Structure formats: C-alpha cells, structure tokens
Amino acid sequence: MTGTDLLARADRLRAERTPFVLATVVRAERPTSAKAGDRAIVMSDGTIEGFVGGVCAESTVRLEGLRLLDHGESTLLRITPAEEDSRSASAEATPEGLIVVGNPCLSGGTLDIFLEAVLPATLVHVFGAAPIARALATVAEASGFSVTASTDPSDPLAEDTAAVVVASHGRDEVKVLEAALRAGVPYVGLVASPRRGVAVVSSLEVTDDQRPRVRTPAGLDIGAHTPLEIAVSVVAELVSVRAGLRPPPTVRPLFPVVEPAATAVDPVCGMSVAAVPASLHLEHAGKTWYFCGPGCRQAFADDPGHYGA
C-alpha cells in the first residue's frame, strides 16, 4: 500500500466514522527497516495496514495505538532496543508527550513514530426548521461537532448519535424526543419555555427513569434571547457534558468509545503486547500465548516448559 493509498484509506475511515490511529515514522536511526515518512493505520481490532517497521516494531505500535484509542489522544512513540521504558517507575524522566518503549527484540536502531488517534466527532442530531435549529447546526459544526439536521420526525437516528436537540417550536416534538430516549441517546434537549417544556416532557410515553433525562430549556442559562445566542447556550452545554459528565450505565457514551485493549506478557522476553487476534500468538495447553515477534514465538514453541507453560 503506497502512502497515497494509505491516506485515501484514512479519509474513507473518517467519512465512515470509524476510529483508527495514524502512525507516521518521523525519525529512523539505523539499522531499521523503516524510514522517515513511512505510515500505517492501526484499527481498533489491532490490525495494521501499511508499514512502520518489522514485526517487533509493529507489536509495540499496535499496543500503544490501541491504548491511545481508549482516550483519543496522540503522542510521540520512541521504540528503542535499549532496555528502557518511560512507563517504568525507575525510568528517567522523559519529555512530556513522549513515550519511550524498550523493545529488546528489535534488530537495532531507534524509531520515533507519531501516533495520531482519529476518533469520530461527536454526532449531534438537530430537529427543526426554525431559525434556532439552523443556528444550532451552524454553531455546533463550527465547534467541532458532526451534525445531522432533520425536519422529518421519522428520520432514523444514526447508531452513534450522541445528542438530539429538538428546536421545532411544537412540531412533532414528542415523537422525536421519545425516539431519542428509547434509543439511549446520552443528551436529549428541548428548546422551549420552562412552562411548555414541563408540559411536553410530562406527555411523553416513556419510562419514569427516561423522562427526567430531557433537558429543557436546553442550554446553559446565559441570558440568551436571539436564535444565535440560544444556539451558543445549547452548544456550550453540549461541550460541558462532553467534557465532564458520564452518562448512566444504561446509556451510550457521549462520544464513540473503543474498549481498552487487553494486554498480555510475552513469556519469552517479558514485553507487554496486545492480546488481540492480530498479534502473534500460539495455542498451548488450552491457553493462548502472545508474543512480540516471531523469534519469541519460536523459542516458546521449541520449549514451552522452559517458560512456565
């Protein structure tokens, strides 16, 4: 896969709202098989597309990439054959934003690889055709949210919709609100006066646990009056919820989440590796053993008892 093909693949994944990590080699110290500019994509199942080094380097990139997908941050990863690891309490202090992983299985050289976690933007569904609804879509998009705008109450909600805001001034409010609550959307807001909002919520045919989840009047109390000001107040509330609140256990997260990858210890060299099917592994004595590279796997296969199996 060429660099151009890989970037085109990354664009498709973004369009499909699929989380991934883009790994780019920014520095390669000989001897290494990778060179500056090499790229790869790490998927949430641990599969790697592209090239950022041999199998041993891939093992470290896979594990660190999956860790980044758990919280959506990016970092600079240094892989070195020296036995040093910035995650170790005894390791010397490393610059902020740099993770150093000692990989004794490398054939030599050091790799600096920038790992960029690419998560889908939080998806907001805005219902209504009034000026407030139009302003809300504009402000939300400008604030980094992904927005679907609808005037049809029958339009289905995307599976990863994180917020539904109804600003239709009484038109088909109940149907949309009920659909959002039953779908487990984390944020459900109704733009209405306090008195009308209470009346609409009380009329919803949902459970007693679901009804109080409707935020009305939607938005933070900033003294908003114009459509644009009201839109700003709602988006401000969305930002505050995304940053600081966690939904109830029965409700989907406010933004797409990748489950943290399980880890295992290579029984031969002691390295941590991702316990996923994409990692090198071997079945023995009813257990799956994971390895950083083919050398360790072969050593284990030759004498499992030597490694406690």
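The values are calculated or read from the model by the stated rules, or taken from the named source; none is laboratory data. Since the structure is predicted, the reported quantities are computational estimates derived from the model, not experimental observations. Note that each Cβ is placed from the backbone with ideal geometry, even for glycine, and that neighbours are counted across all protein chains shown.
Some points to look at:
- The residue that is nearest to residue 16 (Cα to Cα), among those in the stretch 157-176 that are surrounded by 22 or more Cβ atoms within 10 Å (Cβ to Cβ) and aliphatic (A, V, I, L, M), is 162.
- Residue list for the stretch 276-309, restricted to those being under 22 Å from residue 61 (Cα atoms) and of a type in the set (Ser, Thr, Tyr): 279, 288, 290
- The conditions of being surrounded by fewer than 19 Cβ atoms within 10 Å (Cβ to Cβ) and in a strand (DSSP E or B) are not met by residue 138.
- Of the residues contained in the stretch 222-234, one or more are found to be at pLDDT 95 or above, buried (at least 17 other Cβ atoms within 10 Å of the Cβ) and not aliphatic (A, V, I, L, M).
- Set 179, 133, 121: member being of a type in the set (Gly, Ala, Ser), buried (at least 16 other Cβ atoms within 10 Å of the Cβ) and assigned to a loop (DSSP other than H, G, I, E, B): 121
- Restricted to the stretch 188-200, and to residues there that are in contact with a Pro (Cβ under 8 Å, 6 or more places away or on another chain) and not polar (S, T, N, Q), the residue that is surrounded by the most Cβ atoms within 10 Å (Cβ to Cβ) is 191.
- When residues in the stretch 25-76 are screened for being surrounded by fewer than 24 Cβ atoms within 10 Å (Cβ to Cβ), part of a loop (DSSP other than H, G, I, E, B) and not acidic (Asp, Glu), 15 of them pass.
- Residues that are over 15 Å from residue 167 (Cα atoms) and not in a loop (DSSP other than H, G, I, E, B), drawn from the stretch 199-236: 199, 202, 211, 212, 213, 236
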